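Structure, as structure tokens:
Read-outs throughout are calculated quantities, based only on the coordinates presented, and are distinct from any laboratory measurement. This is a predicted model, so every value here is computed, not measured. Note that we place each Cβ from the backbone using ideal geometry, even for glycine, and neighbour counts take in every protein chain shown.
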Amino acid sequence: MIDWPGFLTTSPKGKTHMHLRSGFARATVLILGLTAGMGSVAGCGKYAIHNLRFVKGFKDGTEAYKKSDFATASKLFEEALAYNPEEGQGVAYFFLANSYDQQFKASHKGEAVNDGYMKKAVENYQKAIDHLNGTTAMDNQYRRYSYEYMIAAYGPEKLDDFSKAEPIALKLIQLTPNEPVNLQALGKLYEDQGRYDEAEAQFKKAVDAKPTDPGVYTAIAGYYNRQGKFDETMTALETRTKYEPNNPEAYHYMATFYQDKVQKDFRLAPPKKRDYIMKGIEVEDKALALNPNYTEAMVYKNILLRQQATIEKDPATQKRLIDEADKLRNKAMDMTKKANQGAGAAAKDAKDAKDAKKDGK
């Protein structure tokens, strides 16, 4: 997984997830647009030999980048920048920085070579910022990306230097004050430092910045969940559904929290346990009403029905609930099996077509 700064939410099982931004996919799309118009990136005097060499070096670097060959990409971007064209440096420095960034492995943190990649990354993100003067939309775009990646670079999993990360985050917020993702990033920095009041304030500012954006409620719900504040988590997730009432995932996501709470919190009194189970089933029913073939919703409703059966006293009611749960489970398993078979058949057809083309048939 290639990191891309974005807001964080936490699943009920305690896993932290990145949302909104997919780094490699998004950067690859952007880089495709750049390579299609490299003449303009090279600027005035684009036919000078050093600019032509820069363009070729940049193009070769992007090809390696798209293949996730970041070691080769960084080498090629370095070579391209050695020709020092008057324009185009900022974007090239960004992709050079990101190529080093992607070579860093958290599992090897503390090793000199590995940490060196991240130091080179932040050095070149800063060069990108310095060269992107903000006169074009592309400049502003990549300048913002450079700030975002620098914040992540100084985060706990990488260089772990809050004193460097905070001023960068504040600068980015100053540049784009109404962008929730930037406020959330600062909130997460404060959260990681144990400065919870300040963290919550930033997540709330993100909500205020774009109150009709469903994502801001998912983000603050993630914060509350990480703090063990279940009621606040569910209030935020319920608010999210008001702004995307036709999204089955929004309802299903709520159900996963109810199910997990019932399963893991042994302090729950029976009435509260029943309440959470029934609310979980209710939101899964909404998800399934919007998408009757939503297998994940079927699976979780099946689990919730079994949880309900454990608190019922009447054997007939218990049997009815288990029977309904079995039907949902079996339907989900059958749909998943058919989907996997279809994917396998499609992959085989694609391979056969490729082999046939290769053989000249």
Worksheet, complete the sentence: With a ≥ b ≥ c from the Cα gyration tensor eigenvalues, square-rooted, and the rule rounded for a/c under 1.5, otherwise prolate when a/b > b/c and oblate otherwise, the stretch 195-306 is oblate
Response to the item:
Rounded to whole angstrom, the alpha-carbon centroid of the stretch 100-147 lies from that of the stretch 269-292 at a distance of 45 Å
Discussion item. Testing the spin-label approximation: label points 7 Å from Cα along Cα→Cβ at Thr317 and Lys229. State their distance in nm.
Written reply: 3.5 nm
Discussion item. If I stretch the segment between Asn178 and Phe266 completely, what's the gain in nm (0.36 nm per residue apart, minus their alpha carbon distance), one decimal?
Written reply: 27.5 nm
Worksheet item: Using the beta-carbon distance between Ala71 and Met278 and R0 = 41 Å, what value does 1/(1 + (r/R0)^6) give for FRET efficiency, to the nearest 0.05?
Response: 0.15
Discussion item. Between Thr310 and Ala289, what's the calculated FRET efficiency when r is the beta-carbon distance and R0 is 22 Å? Round to 0.05.
Written reply: 0.30
Worksheet, complete the sentence: A student applying the Cα gyration tensor rule (rounded when a/c is under 1.5; otherwise prolate if a/b is larger than b/c, oblate if not) would label the stretch 245-361 prolate
